[in-house]
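FYI, it's all coordinate maths here, none of it is from the lab. None of the values given here were measured: they were computed from a predicted structure. Every residue, glycine among them, receives a Cβ derived from its backbone with ideal geometry; neighbour counts consider all protein chains shown.
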Ligand SMILES: N[C@@H](CCC(=O)N[C@@H](CS)C(=O)NCC(=O)O)C(=O)O
């Protein structure tokens with residue numbers, strides 16, 4: 001991680017643990033918002049007006065938080081408004097890198113070797129982990145935001161006057177339902193799988209894995225006779241759920257030991273996952289080679305770096321959707 005702008009320690013999968021050895025995710029530090037007129041958003045400062053070609057999103061295809069911002073970019077038709085740079089899926093001792101790999105990019109702005117260099121450009125004394133996604137303002141050479149939940153939400157409205165869209169990921173009439181569901185899905189499922197995977201004790205593993213499956217069971221029930229989780233229309237809650245579902249059978253089930261069931265064993269969740277995968281543009285945000293290569297290269301969890309051959313049903317699904 002970076003300490004006062006200097007890379008100090010080799011990268012470790014486990015970020016922080018609480019007193020019971022539970023995984024704790026770092027809080028994001030750049031919280032400005034792009035808005036239609038450049039006025040300040042709910043957090044941070046103003047000065048980030050929605051303009052074509054001004055912003056760049058640094059992402060990793062392996063990362064569910066980065067992927068939800070990529071999904072919002074596609075679903076809202078923002079391809080031409082927000083540029084994307086993809087890092088190499090394998091974590092190095094210095095975190096995310098721009099070393100070449102099929103489907104990843106060089107850093108076109110600064111020709112950086114590592115993502116942490118982007119953080120020190122934004123703040124020469126930055127302390128913390130250099131995480132994806134990063135939303136960068138190419139006009140002012142500043143980091144706008146590195147919190148995917150904010151980015152997802154600003155993409156929903158900031159460019160609306162430039163790119164009108166029928167998709168509304170955070171519709172007013174469902175705001176309270178979304179706000180009620182999101183944190184539970186985040187805690188028990190999105191981050192729950194990481195808590196199960198990176199835990200330091202049997203007790204907290206069991207706690208996390210039980211929560212993961214209680215949330216999957218709840219969502220399975222909720223989807224009975226429904227297409228989407230909230231209001232029967234696509235919302236950000238679906239985007240946030242999808243990114244974990246699509247990684248589940250291929251990565252979390254094996255590597256993170258969340259193996260009581262697969263998503264394939266849930267009828268409604270499987271159909272729901274495929275429904276979302278078939279929405280225009282979504283398949284382009286799912287790079288299964290990056291996902292499996294990235295997760296299975298986490299040395300703390302898989303020292304020999306062996307990448308599993310399957311699961312076949314996920315390969316088959318992706319193949320059928322991309323044809
Ligand atoms: N709060 C961030 C979390 C992002 C995050 O944890 N990203 C992980 C990848 S999935 C990362 O970049 N980790 C790098 C590291 O921990 O050094 C968000 O949701 O945007």
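Among 151, 276, 306, which comes first, then next, by fewest other beta-carbon atoms within 10 Å?
Least crowded to most crowded, the residues run 306, 276, 151.
Only helical DSSP H runs with n ≥ 4 go in: add -39500 (n - 2.57) per run for the chain, normalise by residue count and round the 222 nm mean residue ellipticity to 500 deg cm²/dmol.
Theoretical 222 nm ellipticity from helices: -10000 deg cm²/dmol.
If neighbour count is taken as other Cβ atoms inside 10 Å, put 1, 71 in order from fewest to most.
Ranking 1, 71 by Cβ neighbours within 10 Å, fewest first, gives 1, 71.
Among DSSP beta bridges whose residues both lie in the chain, state the antiparallel percentage, nearest 5.
If I count the DSSP bridges inside the chain, around 70 percent turn out antiparallel.
Classify the stretch 137-217 as rounded, prolate or oblate from the Cα gyration tensor: take a ≥ b ≥ c as the square roots of its eigenvalues, call it rounded if a/c is under 1.5, otherwise prolate when a/b beats b/c and oblate if not.
Since a/c reaches 1.5 but b/c is at least a/b, the shape of the stretch 137-217 is classed as oblate.
Take the Cα atoms of the stretch 2-157, build their convex hull, and give its volume per residue in Å³.
Considering the Cα atoms of the stretch 2-157, their hull volume per residue is 119 Å³.
Within a 10 angstrom radius of the beta carbon, how do 54, 278 rank from fewest other beta carbons to most?
278, 54
Roughly how far apart, in whole Å, are the Cα centres of the stretch 1-58 and the stretch 197-258?
Value for the Cα centre distance between the two parts: 24 Å.
Over the C-alpha atoms of the chain, what are the Rg and the largest Cα-to-Cα span, Dmax, in Å?
18.9, 53
Pull out a ≥ b ≥ c, the square roots of the eigenvalues of the alpha-carbon gyration tensor of the stretch 172-322, then state rounded if a/c is under 1.5, prolate if not and a/b is larger than b/c, and oblate in the remaining case.
Judged from the Cα gyration tensor, the stretch 172-322 comes out oblate (a/c at least 1.5, b/c at or above a/b).
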